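Report on the structure given below.
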Amino acid sequence: MKILIIGSDITGLSCARELHLKGHDVTIVESHTELGHPQNKPGWITGQINLDEYSNHIQLTDSGCRRTWLAKSMAQKLPITYLLKTNPSTISTKFDHTINTTNQSSTKWEGGVTLTGREPSTEIIAHRSDGTVECWSRNELPDVEGGWLERFTGHFEIENASIDASISRGIELASEPKA
């Protein structure tokens with residue numbers, strides 16, 4: 001079966017992986033020019049999913065990793081078709097089924113990366129093995145000593161924020177009936 005997946009985030013990639021393993025011809029379409037960017041969800045890990053096969057490339061710790069690097073690592077292991085910088089409505093190829101994995105939440109979050117030891121108290125904190133820490137808050141991020149190394153915003157619900165939840169959602173979408 002030819003399946004089109006809209007979105008190359010962790011959910012889209014885990015969905016594609018499951019469908020590829022089941023023998024389907026999978027194509028991912030992404031409106032951005034790069035897999036995993038812009039970062040719009042935390043690299044927060046809750047420990048429900050084993051990420052050891054990617055650990056050499058993603059700055060993995062017990063609480064986090066670089067989400068964008070995980071997306072790229074997942075994609076490198078997936079021999080499927082990627083259509084980047086493409087609007088799904090412009091695709092003329094016919095697919096048997098389309099799965100939209102894009103995020104539809106309206107809850108806005110502010111995120112930032114700082115050095116370990118400088119992180120403020122926020123709702124989500126994910127330490128990385130390179131000495132940086134990613135912090136996310138539903139409120140404006142406070143100033144930190146030396147300033148933020150990177151800033152981003154995203155829209156998500158807390159129960160869907162972790163990498164574990166994103167992978168689980170992709171697996172769930174891959175198992176839905178293909179009508």
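The values are calculated or read from the model by the stated rules, or taken from the named source; none is laboratory data. A quick note: this is a predicted structure, and the numbers were derived from the prediction, not measured. Positions of Cβ are backbone-derived with ideal geometry, glycine not excepted, and every protein chain shown enters the neighbour counts.
Observations, loosely collected:
To keep it simple, each residue is scored yes or no on (1) loosely packed, with under 15 Cβ neighbours inside 10 Å; (2) β-branched (Val, Ile, Thr); (3) more than 21 Å from residue 74 (Cα to Cα).
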{"residue": "139", "(1), (2), (3)": "yes, no, yes"}
{"residue": "147", "(1), (2), (3)": "yes, no, yes"}
{"residue": "159", "(1), (2), (3)": "yes, no, yes"}
{"residue": "167", "(1), (2), (3)": "no, yes, no"}
{"residue": "173", "(1), (2), (3)": "no, no, no"}
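- With respect to (1) over 30 Å from residue 28 (Cα atoms); (2) in a strand (DSSP E or B), the lone exception for residue 146 is condition (2).
- Criterion: on the phi > 0 side of the Ramachandran plot and modelled with pLDDT of 95 or more - qualifying residue of 36, 23, 12: 23
- Entry remark, the stretch 139-179: residues being under 14 Å from residue 108 (Cβ atoms) and small (Gly, Ala, Ser) number 2 in total.
- Condition check for residue 52: out of contact with any Phe, Trp or Tyr (no Cβ under 7 Å at 6 or more places or on another chain) and within 20 Å of residue 18 (Cβ to Cβ): yes
Okay, residues lined up against (1) modelled with pLDDT under 95; (2) touching an Asp or Glu at 6+ places or on another chain (Cβ under 8 Å); (3) of a type in the set (Val, Ile, Thr):
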site: 54; (1), (2), (3): yes, no, no
site: 58; (1), (2), (3): yes, no, yes
site: 62; (1), (2), (3): yes, no, no
site: 82; (1), (2), (3): no, yes, no
site: 92; (1), (2), (3): yes, no, no
site: 104; (1), (2), (3): yes, no, no
site: 107; (1), (2), (3): no, yes, yes
site: 110; (1), (2), (3): no, yes, no
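- Highlighted here are the strands (runs of 3 or more DSSP E) found entirely within the stretch 1-113 that include at least 2 residues which are in contact (Cβ under 8 Å) with a residue 60 or more places away in the chain and either among the aliphatic types (A, V, I, L, M) or buried (at least 22 other Cβ atoms within 10 Å of the Cβ) (or both): 2-6.
- For the stretch 123-143, residues that are within 20 Å of the chain's Cα centre (by Cα), at pLDDT 95 or above and either aromatic (Phe, Trp, Tyr) or part of a loop (DSSP other than H, G, I, E, B) (or both) total 3.
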